[in-house]
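Read the structure below first, then the notes.
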Amino acid sequence: MPLQNRVDPWGKLHAVPMRGSLMGNRGILHNESRQIVRPWAGKSWVSCEIQFNGIHRRVFDTASYSELFFLDEATAFAAGHRPCNHCRKLRYTEFKNAWLRANRPDAGGNTPITEIDKVLHAERAIPGGGKIKFSAAVKDLPPGTMFEHENAAFLVWKGATHRWSFDGYTSSSVQIGAQSVNVLTPASIVRIFTNGFVPGVHASIDHL
């Protein structure tokens, strides 16, 4: 049976067979029985390469971080995870520079990532595991943003909206317009999307 480590756009963890295209972590969340016992452990939530330097890991090993999996980068961002500064160094640098330009234009390039992590944590997580959201009109959301509608998650992409699932994206009847929705992607990340930063999106989007 799959472990409870597949992440949805709300940041919740599920036990489903589909693994996705990115790994990540938010600390040690499991116990000796490989069961999830906490929603996070620390404010550094990252997304990682599934394969890096030939390293092989036993998922949910004892005293190791809890490996999480995402459909794609857009999902990881919606859940509040930013790129890892080890296995995704180039993407991490692109993200950090874009985040500072959009949110702290007067801050120096030496701003520690811990300061960004603090902001992201305040924008994404409610104690106990809930999800922070904010309201916006769909028409005002940039490509890559995710929002919820009738208990489902949707991605804004190339002038349309697409329904998210662990298998990928499907066409949606939700029309971009003045309709107000609850946005899942943290506000500071939406701002970097508005400024032109584009998240990686699952290949299923190319068939819609």
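Annotations for the structure displayed:
- Filter pass, Pro199 being farther than 17 Å from His81 by Cβ, modelled with pLDDT of 95 or more and part of a loop (DSSP other than H, G, I, E, B): no
- Note on segment 148-181: among residues that are open to solvent by 20 Å² or more (accessible area, probe 1.4 Å) and β-branched (Val, Ile, Thr), the one that is farthest from Gly196 (Cα to Cα) is Thr170.
- Residue within segment 168-178 that is among the aliphatic types (A, V, I, L, M) and in contact (Cβ under 8 Å) with a residue 40 or more places away in the chain present: yes
- Identity of the residue in segment 142-156, touching a residue at least 40 places away in the same chain (Cβ under 8 Å) and in a strand (DSSP E or B), that ends up nearest to Arg82 (Cα to Cα): Met146
- Residues of segment 168-180 that turn out to be assigned to a strand (DSSP E or B) and either farther than 23 Å from Arg82 by Cβ or basic (Lys, Arg) (or both), as a count: 3
- Selection status of Val119, open to solvent by 30 Å² or more (accessible area, probe 1.4 Å), closer than 23 Å to Phe70 by Cβ and under 15 Å from the mean Cα position of the chain (by Cα): yes
- Annotation note: of Val37, Val59, the sole residue that is farther than 23 Å from Ile116 by Cβ, touching a residue at least 24 places away in the same chain (Cβ under 8 Å) and not polar (S, T, N, Q) is Val59.
- Selected residue [modelled with pLDDT of 95 or more and among the polar types (S, T, N, Q)] from Gln51, Gln4: Gln4
- Within segment 115-141, residues that are in contact (Cβ under 8 Å) with a residue 24 or more places away in the chain and assigned to a strand (DSSP E or B) have Cβ atoms under 6 Å from residues that are crowded, with 17+ Cβ neighbours inside 10 Å and β-branched (Val, Ile, Thr) in these pairs: Phe134/Val183; Ala136/Val183, counting only partners at least 6 apart in sequence or on another chain.
- In segment 85-114, the residue that is farthest from Glu73 (Cα to Cα) out of those that are without any contact (Cβ under 8 Å) to a residue 24 or more places away in the chain and aliphatic (A, V, I, L, M) is Ala107.
- Every listed requirement among (1) of a type in the set (Val, Ile, Thr); (2) at pLDDT below 95; (3) assigned to a helix (DSSP H, G or I) is met by Ile192 save one, (2).
- Scope segment 67-105; condition of a type in the set (Asp, Glu), within 12 Å of Gly24 (Cα to Cα) and at pLDDT 95 or above; matching residues: Asp72, Glu73
- Leading residue by the ranking (most open to solvent (accessible area, probe 1.4 Å)) among those in segment 127-147 that are in contact with a Ser or Thr (Cβ under 6 Å, 6 or more places away or on another chain) and over 29 Å from Ala41 (Cβ atoms): Ser135
- No other residue among Arg101, Arg82, Arg124 is farther than 21 Å from Pro39 by Cα and surrounded by 15 or more Cβ atoms within 10 Å (Cβ to Cβ) apart from Arg101.
The values are calculated or read from the model by the stated rules, or taken from the named source; none is laboratory data. Keep in mind that what you see is a predicted model, and the values were worked out from it rather than measured. Counting neighbours? That spans all protein chains shown, and the Cβs are built from the backbone with ideal geometry, glycine included. With ligands, DNA and RNA removed, areas are computed over all heavy atoms of the protein, side chains included. Shrake-Rupley method; radii C 1.70, N 1.55, O 1.52, S 1.80 Å.
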